[in-house]
1. Could you say whether any residue in the stretch 19-37 is surrounded by 14 or more Cβ atoms within 10 Å (Cβ to Cβ) and either under 24 Å from residue 120 (Cβ atoms) or in the same structural domain as residue 121 (by TED's automatic domain parsing) (or both)?
2. Among the residues of the stretch 102-125, are any touching a residue at least 24 places away in the same chain (Cβ under 8 Å), more than 16 Å from the ligand (Cβ to nearest atom) and outside the structural domain of residue 13 (by TED's automatic domain parsing)?
3. Mind counting the residues in the stretch 76-96 that are within 16 Å of the ligand (Cβ to nearest atom) and either loosely packed, with under 13 Cβ neighbours inside 10 Å or in the same structural domain as residue 35 (by TED's automatic domain parsing) (or both)?
4. Looking at the structure I just gave you, is residue 16 small (Gly, Ala, Ser) and closer than 21 Å to residue 3 by Cα?
5. If residue 32 satisfies all but one of (1) out of contact with any Asp or Glu (no Cβ under 7 Å at 6 or more places or on another chain); (2) part of a loop (DSSP other than H, G, I, E, B), what's the number of the condition it fails?
6. Would it be correct to say that residue 69 is within 16 Å of the ligand (Cβ to nearest atom), surrounded by 13 or more Cβ atoms within 10 Å (Cβ to Cβ), under 25 Å from residue 12 (Cβ atoms) and of a type in the set (D, E, K, R)?
7. Between a first residue in the stretch 24-40 that is at pLDDT 80 or above and a second residue that is in a loop (DSSP other than H, G, I, E, B), which pairs have beta carbons less than 7 Å apart while being 6 or more apart in sequence or on different chains?
8. Quick check on the stretch 37-49. Is at least one of its residues assigned to a loop (DSSP other than H, G, I, E, B) and hydroxyl-bearing (Ser, Thr, Tyr)?
Amino acid sequence: MRYWLFFVAKLAVVVAILRGLWWLMAFLIPQPGGRFAQDLPWTTAIFLFFLTGIGLVFLAVLDQRYRCRTCLRRLRMPVSTGSWDQMLQFGRPKMEYICAFGHGTLDVHQLRFAGREKDGWRKHDDDMWRELESLSGSEK
Ligand SMILES: [Zn+2]
């Protein structure tokens, strides 16, 4: 729930930025009879406004994709797994990102057979750092 509220908050910031940009455009560019497709400065400004809006939404979605679903921190430590040339033996190539606080792992597939596939978020129930320490302790 917190994850999606954070995304909505980012979109609200994007809307506020775009609203401010629109006011700035209305302040700086002289008012003609018609704005879009009738006046070249306004048409150009609206085109750039549209691209800026799409870019900001894209950045918000991209940032959200690589955040921990529990604590909202950026995911860290990308590790490439699988193999491009021995896929049947070692699995499909993918990039794994983990939350530094052990909340979960995000699997981002590098190869997509069926178009757009969802990234796999695996939540860690137990503290994975404690589990890792116990594994390294058993080798001694
Ligand atoms: Zn986390």
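The values are calculated or read from the model by the stated rules, or taken from the named source; none is laboratory data. Because the structure is a prediction, the values reported are computed rather than measured. Cβ coordinates were reconstructed from backbone atoms using ideal geometry, including for glycine residues, and neighbour counts include every protein chain displayed.
1. Of the stretch 19-37, the ones surrounded by 14 or more Cβ atoms within 10 Å (Cβ to Cβ) are 21-22, 25, 29, 35.
Keeping just the survivors that are either under 24 Å from residue 120 (Cβ atoms) or in the same structural domain as residue 121 (by TED's automatic domain parsing) (or both) gives none.
No, the conditions are met nowhere in the stretch 19-37.
2. Within the stretch 102-125, one or more residues are touching a residue at least 24 places away in the same chain (Cβ under 8 Å), more than 16 Å from the ligand (Cβ to nearest atom) and outside the structural domain of residue 13 (by TED's automatic domain parsing).
3. Filtering the stretch 76-96 for residues within 16 Å of the ligand (Cβ to nearest atom) gives 76-78, 96.
So of that shortlist, the ones also either loosely packed, with under 13 Cβ neighbours inside 10 Å or in the same structural domain as residue 35 (by TED's automatic domain parsing) (or both) come out as 76-78.
Number of matching residues: 3.
4. Numbers: small (Gly, Ala, Ser): yes; closer than 21 Å to residue 3 by Cα: yes.
Answer is yes for this residue.
5. (1)
6. Yes, satisfied.
7. Note: pairs meeting the criteria are 38/32; 39/32.
8. Step one: list which residues in the stretch 37-49 are assigned to a loop (DSSP other than H, G, I, E, B), which gives 37-39.
Narrowing further to those that are hydroxyl-bearing (Ser, Thr, Tyr): none.
No; the residues of the stretch 37-49 include none that is assigned to a loop (DSSP other than H, G, I, E, B) and hydroxyl-bearing (Ser, Thr, Tyr).
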